[in-house]
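Colleague: After the structure tokens below, expect a handful of questions from me.
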Amino acid sequence: MTPHAERVLRYMLTNPMDPTWARDITEHTSLPNGTLLPILTRMLKQGWLERYWEDDFVAESEGRPRRRYYRFTQDGLEGARIALACWTAEHGSQSPARLHPSPLRPRGTGVNGA
């Protein structure tokens, strides 16, 4: 695992059952899309994540384009927790690249019933 993947996992595991979208992950990890999207693609190929588009109605009612959401699969959730535990055991809880706090806002509301 890379330090960037560790940051993504740490953020996504804060609310592991809630779907999130790439921009939200970018804002909380300070990773650019060119770094984030390959990480998410690897996790998709490993079967750790599923992705889906939000309902058209939700996006239209908010006057914006649809968002593509990512959420852990059950196996992915277990794999992510194990990988992060191994990373922490090897590198310590203070990795060189830390998350940057930002104001909390609700996640997972109005998206495909989630």
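The values are calculated or read from the model by the stated rules, or taken from the named source; none is laboratory data. Please read all numbers here as calculations on a predicted model, not as lab measurements. Methodologically, a virtual Cβ is constructed for each residue, glycine included, from the backbone with ideal geometry; neighbour enumeration extends over all protein chains shown. Only protein heavy atoms, including side chains, enter the accessible area calculation; ligands, DNA and RNA are left aside. Shrake-Rupley method; radii C 1.70, N 1.55, O 1.52, S 1.80 Å.
Colleague: If you build the Cα gyration tensor of region 1-73 and take the root of 5 times each eigenvalue, what three semi-axes come out, in whole angstrom, biggest first?
Modeller: Three semi-axes, in Å: 22, 13, 11.
Colleague: Just to confirm, what accessible area per residue do you get for region 49-89 at 1.4 Å probe, in whole Å²?
Modeller: Each residue of region 49-89 exposes 62 Å² on average to a 1.4 Å probe.
Colleague: If we count every other residue with Cβ under 11 angstrom of residue 52's Cβ, Lys/Arg +1 and Asp/Glu -1, where does the sum land?
Modeller: Net of charged neighbours comes to +2.
Colleague: Quick one: length gained pulling residue 78 to residue 59 fully straight, 0.36 nm per residue minus the C-alpha distance?
Modeller: Extra length available between residue 78 and residue 59 comes to 3.7 nm.
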